[in-house]
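First the structure, in the form of structure tokens, and then the observations on it.
What follows draws every value from the coordinates through simple rules; no lab data is involved. In this text, all values refer to a predicted model and were calculated from it rather than measured experimentally.
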Amino acid sequence: MRFVVFMIPGVYQPGKQVDPNFTPDAEIVGKMTRFNEALQKAGAITSVDGLRPLTHGARIAFKGGKVTVTDGPYVEAKEVVGGYWLLEAKSKEQVVEWMKRCPAQDGDVLEIRPIFDISELPAAVQEAAKGVR
């Protein structure tokens, strides 16, 4: 099964000001690199990346037939994704056990989500999705 794990860093939580030029601490990156290497050795990692702060991004919202684009630092969000892992695992429980060893910082949150396999979806959805992959 495939899973995505989102890192929601404590530094991006509500009420915290993040420097637009924020970069993670070298010691933290070293710990995370070693953690990711262990996942890679287990054959679990499909992809892993950290994301730049909101000040470099944009949010697009759809409401009432209108599209609103909000550029960073004005994007207001309760939780902001700071990075992700795409993993291959036998079960959600296996991913939970791996991620419990993540060298996360105080206030960080990890969210684990299974990825739909097209074969799990109803036939009409599979038909509509043909040609997309």
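Points worth noting:
- Overall form of region 59-124 per C-alpha gyration tensor (a/c, 1.5; a/b vs b/c): oblate
- Region 17-94 shape via C-alpha gyration tensor axes, a/c threshold 1.5: oblate
- Where only alpha carbons of region 1-48 are counted, the Rg and the Dmax (Å): 13.7, 38
- Over the chain, the reciprocal of the mean inverse Cα-Cα separation, the Kirkwood hydrodynamic radius, stands at 17.0 Å.
- Aspartates and glutamates with Cα under 16 Å of LYS92, excluding same-chain neighbours fewer than 8 positions away: GLU111, ASP117
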